[in-house]
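Input: a single structure, listed below in structure tokens.
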Amino acid sequence: MTIFQLLLSFGLLSALNVDAFPQLNPNNVEDMVTSMSEKRDCQYSAIKKQSKRQISFDPGAQYVSTTGNHAFVAPNFLAGDQRGPCPSLNALANHGYLPHSGVADLLTITKAVNTVYSMGLDLGGFLAVYGTVFDGNILSLTPGYSIGGATLSQSILGLGGLLGTPTGLSGSHNNYEADTSPTRGDLYTTGNDYLLQVPQFQQYYDALTENMAAPDQYEALLPFRQARFNNSIEMNPYFFYPQFAGVLASPAGFAFPAAMMANHSKEYPDGYLDKETFKSFFAISGDSGAFTYKAGWEKIPDNWYKRPVADPYTIPGFVLDILKFGIQDPRLLSVGGNTGTTNTFTGVDLGALTKGVFDASTLTQGNNLACLVFQVVEAEAPDFLTSLYSDVTKALQPLTQNISSILDGLSCPQLNGIDTSQYTKFPGYNKAKAIR
């Protein structure tokens, strides 16, 4: 039985039929990425209109337990517990929604993020499969990965078919984790990419607007998002912004807290990310200006209510959030990086990369952004997996099946391979590829 069939048998991919991402075609607005401010404003308004939802608060269905089996238990790093760059996954392990070891199979991860955060099964399923293929072991009888670093406890996943030890999410630079994180440092600037940097958290904390519904809090983060992007350009000579880890995954650090960490109530059915909740999910204590970070101690707050079960955070919703910022600052949709020195950010020619199938001027028309990102992931995967698995075809199959299900019905322009030579001028790409 394939991973895709397993997910189907658990009912975990039922949400993948999303009617061809209707949200991603906002009133047929054309040429969203443009330098004309008037047109950008019009496009941004159209995207916001598509984001509006009629939701209600159901305390019984939305309450998340932090007691009993789900009481907080600190990680025991001496015993091998793993915690990594994703605060939401760290919190799940600390509260028993994931194994306390921090090593879990992909079915458990998919169910946990859906149960606790109302992450859509399409988005959670894809991220779990992707993380397992690139950072764990997709060929095991219990395929999964470590939410932290490489660990001997990953032997429970089985090492058959692997050419080395799975890296876990903490070793996933530029294939899952990326530069320009809101709270984690760039790998080649700070020396690691999985520990929170308190000064960056302080900036995020200060940028988080109070007494505002969570969707609006997210939209108000654009200046902070731009500042983090600019910081990578100005400080990191090896800054690289790839298609998946950059354009698609990097925005998650800005979008996910408002989308899935906000506390919901009758007053704020859309959620409100108050600053104490924000601190709890990021393992921060103390007062502003004197924060203390305890790595791996992320907590789900008591009396916390997740987003409505009937309004999960899906791939279409996430892509809309990416577009909200990308329309206003097209650099955030640009594959590229610094070329060996700071302040040399150069974008990849999408036409050359995709052999004429996509170009920047039409990137956000219809479903093109989703079509491009997921097809590029599939096209690039064999090159990366060659160094990870003895049977690349078998390892690739679950990812290919998952992506095919996501793109089904989108009428995507068909990508027939990519020109990876477009990446070679970026030292950050070469360094990341060399350590895989």
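The values are calculated or read from the model by the stated rules, or taken from the named source; none is laboratory data. Everything quoted here is computed from the prediction, not taken from an experiment. When we count neighbours, we look across all protein chains shown, and the Cβ atoms used for this are built from the backbone with ideal geometry, even at glycine.
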> Is it fair to say ILE147 is modelled with pLDDT of 90 or more, more than 19 Å from PRO85 (Cα to Cα), buried (at least 23 other Cβ atoms within 10 Å of the Cβ) and of a type outside the set (S, T, N, Q)?
Replying inline: no
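Does PRO242 fit the bill of being buried (at least 21 other Cβ atoms within 10 Å of the Cβ) and either in contact with a helix residue (DSSP H, G or I) (Cβ under 8 Å, 6 or more places away or on another chain) or of a type in the set (Ser, Thr, Tyr) (or both)? I'd like the intermediate steps shown before the answer.
Numbers: buried (at least 21 other Cβ atoms within 10 Å of the Cβ): yes; either in contact with a helix residue (DSSP H, G or I) (Cβ under 8 Å, 6 or more places away or on another chain) or of a type in the set (Ser, Thr, Tyr) (or both): yes.
Judged against the criteria, PRO242 is a match.
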> Here are some residues: PHE244, PHE239, PHE256, PHE325. Which one is under 30 Å from PRO427 (Cβ atoms), in contact (Cβ under 8 Å) with a residue 60 or more places away in the chain and in contact with a Leu (Cβ under 6 Å, 6 or more places away or on another chain)?
Replying inline: PHE325
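Among the residues of segment 411-432, are any touching a residue at least 24 places away in the same chain (Cβ under 8 Å), on the phi > 0 side of the Ramachandran plot and in a loop (DSSP other than H, G, I, E, B)? Walk me through how you get there before you give the answer.
Going residue by residue through segment 411-432, those that are touching a residue at least 24 places away in the same chain (Cβ under 8 Å) are 411-420, 422-423, 425-429, 431-432.
Retained after the next criterion (residues that are on the phi > 0 side of the Ramachandran plot): 411, 417.
Right, trim to in a loop (DSSP other than H, G, I, E, B) and you get 411, 417.
Among the residues of segment 411-432, at least one is touching a residue at least 24 places away in the same chain (Cβ under 8 Å), on the phi > 0 side of the Ramachandran plot and in a loop (DSSP other than H, G, I, E, B), which makes the answer yes.
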> Taking into account only those residues within segment 228-245 that are at pLDDT 95 or above and part of a helix (DSSP H, G or I), which is nearest to GLY326 (Cα to Cα)?
Replying inline: PHE229
> Before we move on, is GLY164 within 24 Å of ALA379 (Cα to Cα) and surrounded by fewer than 18 Cβ atoms within 10 Å (Cβ to Cβ)?
Replying inline: yes
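What are the residues in segment 391-410 that are among the hydrophobic types (A, V, I, L, M, F, W, C) and not in a loop (DSSP other than H, G, I, E, B), if any?
Just the residues of segment 391-410 that are among the hydrophobic types (A, V, I, L, M, F, W, C), to begin with: 392, 395-396, 399, 403, 406-407, 410.
Across segment 391-410, the qualifying residues are VAL392, ALA395, LEU396, LEU399, ILE403, ILE406, LEU407.
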> Does segment 78-106 hold any residues that are of a type outside the set (Ser, Thr, Tyr), part of a helix (DSSP H, G or I) and closer than 25 Å to PRO182 by Cα, and which are they?
Replying inline: PRO87, LEU89, ASN90, ALA91, LEU92, ALA93, ASN94
> Do we have GLU276 as surrounded by fewer than 17 Cβ atoms within 10 Å (Cβ to Cβ), assigned to a helix (DSSP H, G or I) and either over 18 Å from the mean Cα position of the chain (by Cα) or aromatic (Phe, Trp, Tyr) (or both) here?
Replying inline: yes
> Which one is nearest to ASN76 (Cα to Cα) among residues in segment 282-338 that are surrounded by fewer than 16 Cβ atoms within 10 Å (Cβ to Cβ) and β-branched (Val, Ile, Thr)?
Replying inline: THR292
